[in-house]
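Engineer: Below you will find the structure I want to go over with you.
The values are calculated or read from the model by the stated rules, or taken from the named source; none is laboratory data. Just so we're clear, the structure is a prediction, and the values are computed from it rather than from any experiment. Note that we place each Cβ from the backbone using ideal geometry, even for glycine, and neighbour counts take in every protein chain shown. Protein only, heavy atoms only, side chains kept; ligands, DNA and RNA dropped before computing areas. Shrake-Rupley method; radii C 1.70, N 1.55, O 1.52, S 1.80 Å.
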Amino acid sequence: MANSDFDDLLAANRDFAAHFGLAGFDGVARAGVAIVTCMDSRIDPLGMVGLEPGDAKIFRNPGGRVTDQALEALVLGVHLLNVDRILVIPHTRCAMASSTLDQVREKVGASAGQDVSWQTFSMVSDQRAALADDVHKVVSHPLVPDTVKVGGFLYDVDTGLLDRLV
């Protein structure tokens, strides 16, 4: 496969592998933490709470919502991967919370050059209410025991600070 599209990333990977320190690690969350957050590239989920690779389980999606897939990951984390604290962390200036469904569809449609009215996107009309709902989904899940601590936080992409809201 002679294709240079990924050469820069593969070169960076070789450097990463030369200093790789997680060989043989069993994959549990060493700090007992799981984080559900947005896919936004301004977010460093480990760094923002002083953790390192291997310390936490991370689940990312648009808007940082607790979806069915996020709940599945959290249940596995709690029962198989040492998770006993869960942080749900949406963020300020999130496109999923500051745009309407029509606006996002229009932008994606313009980029794709086709009608995207059929595509669903999980917009967030009220971040605080959505965060409270998402935390409730976790704490009320029958496979998440009461011993697991769950918090809802808002990450400020301009200051790097977390604000506990739930």
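To keep it simple, each residue is scored yes or no on (1) surrounded by 15 or more Cβ atoms within 10 Å (Cβ to Cβ); (2) among the hydrophobic types (A, V, I, L, M, F, W, C).
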position	(1), (2)
Asn3	no, no
Leu9	no, yes
Pro53	no, no
Thr67	yes, no
His79	no, no
Ala95	yes, yes
Arg105	yes, no
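Engineer: Can you confirm whether Phe16 is open to solvent by 90 Å² or more (accessible area, probe 1.4 Å) and within 24 Å of the chain's Cα centre (by Cα)?
Structural biologist: yes
Engineer: Looking only at region 47-70, count every residue that is part of a loop (DSSP other than H, G, I, E, B), in contact (Cβ under 8 Å) with a residue 24 or more places away in the chain and more than 16 Å from Gly152 (Cβ to Cβ) and tell me the total.
Structural biologist: Residues of region 47-70 part of a loop (DSSP other than H, G, I, E, B): 50-55, 65-67.
With the extra rule that they be in contact (Cβ under 8 Å) with a residue 24 or more places away in the chain, the set shrinks to 53-55, 65-67.
Retained after the next criterion (residues that are more than 16 Å from Gly152 (Cβ to Cβ)): 53-55.
Residues flagged as part of a loop (DSSP other than H, G, I, E, B), in contact (Cβ under 8 Å) with a residue 24 or more places away in the chain and more than 16 Å from Gly152 (Cβ to Cβ) within region 47-70 amount to 3.
Engineer: For region 19-51, give me the residue count where each residue is open to solvent by less than 80 Å² (accessible area, probe 1.4 Å) and either more than 23 Å from the chain's Cα centre (by Cα) or not hydroxyl-bearing (Ser, Thr, Tyr) (or both). Before the answer, list the steps.
Structural biologist: As a first pass, look at region 19-51 and keep what is open to solvent by less than 80 Å² (accessible area, probe 1.4 Å): 21-22, 25, 27-29, 31-38, 40, 43, 45-51.
Now restrict to residues that are either more than 23 Å from the chain's Cα centre (by Cα) or not hydroxyl-bearing (Ser, Thr, Tyr) (or both): 21-22, 25, 27-29, 31-36, 38, 40, 43, 45-51.
Looking only at that region, the number is 22.
Engineer: Which of the residues spanning region 71-121 are within 16 Å of His141 (Cβ to Cβ) and in a helix (DSSP H, G or I)?
Structural biologist: Leu71, Glu72, Ala73, Leu74, Val75, Leu76, Gly77, Val78, His79, Leu80
Engineer: Which condition does Thr100 not pass, out of (1) free of Cβ contacts under 8 Å to residues at least 24 places away in the same chain; (2) among the polar types (S, T, N, Q); (3) open to solvent by 80 Å² or more (accessible area, probe 1.4 Å), if it passes all the others?
Structural biologist: (3)
Engineer: Considering only residues that are free of Cβ contacts under 8 Å to residues at least 12 places away in the same chain and either crowded, with 16+ Cβ neighbours inside 10 Å or of a type in the set (A, V, I, L, M) (or both), look in region 139-166 and name the one that is nearest to Val66 (Cα to Cα).
Structural biologist: Step one: of region 139-166, the residues free of Cβ contacts under 8 Å to residues at least 12 places away in the same chain are 139-140, 142, 146, 159, 161, 163.
Of the ones still in play, those that are also either crowded, with 16+ Cβ neighbours inside 10 Å or of a type in the set (A, V, I, L, M) (or both) are 139, 161.
Details: Val139: 11, Leu161: 21 Å.
Residue satisfying both the conditions and the ranking: Val139.
Engineer: Here's something else I'd like to know. Can we say Leu154 is assigned to a strand (DSSP E or B) and modelled with pLDDT of 95 or more?
Structural biologist: Numbers: assigned to a strand (DSSP E or B): yes; modelled with pLDDT of 95 or more: yes.
When the stated conditions are applied, Leu154 passes them.
Engineer: Only one residue in Ala132, Ala112 is open to solvent by less than 80 Å² (accessible area, probe 1.4 Å) and within 17 Å of the chain's Cα centre (by Cα). Which one? Can you show your working first?
Structural biologist: Details: Ala112 fails: within 17 Å of the chain's Cα centre (by Cα).
So the residue among Ala132, Ala112 that is open to solvent by less than 80 Å² (accessible area, probe 1.4 Å) and within 17 Å of the chain's Cα centre (by Cα) is Ala132.
Engineer: Does Ser122 fit the bill of being modelled with pLDDT under 95, over 25 Å from Gly54 (Cβ atoms) and among the polar types (S, T, N, Q)?
Structural biologist: On the way: modelled with pLDDT under 95: yes; over 25 Å from Gly54 (Cβ atoms): yes; among the polar types (S, T, N, Q): yes.
Spelling it out, Ser122 is indeed modelled with pLDDT under 95, over 25 Å from Gly54 (Cβ atoms) and among the polar types (S, T, N, Q).
Engineer: So Phe121 passes all but one of these: (1) out of contact with any Ser or Thr (no Cβ under 6 Å at 6 or more places or on another chain); (2) surrounded by 14 or more Cβ atoms within 10 Å (Cβ to Cβ); (3) within 14 Å of Val36 (Cβ to Cβ). Which condition number does it fail?
Structural biologist: Unmet for Phe121, out of (1) out of contact with any Ser or Thr (no Cβ under 6 Å at 6 or more places or on another chain); (2) surrounded by 14 or more Cβ atoms within 10 Å (Cβ to Cβ); (3) within 14 Å of Val36 (Cβ to Cβ): (3).
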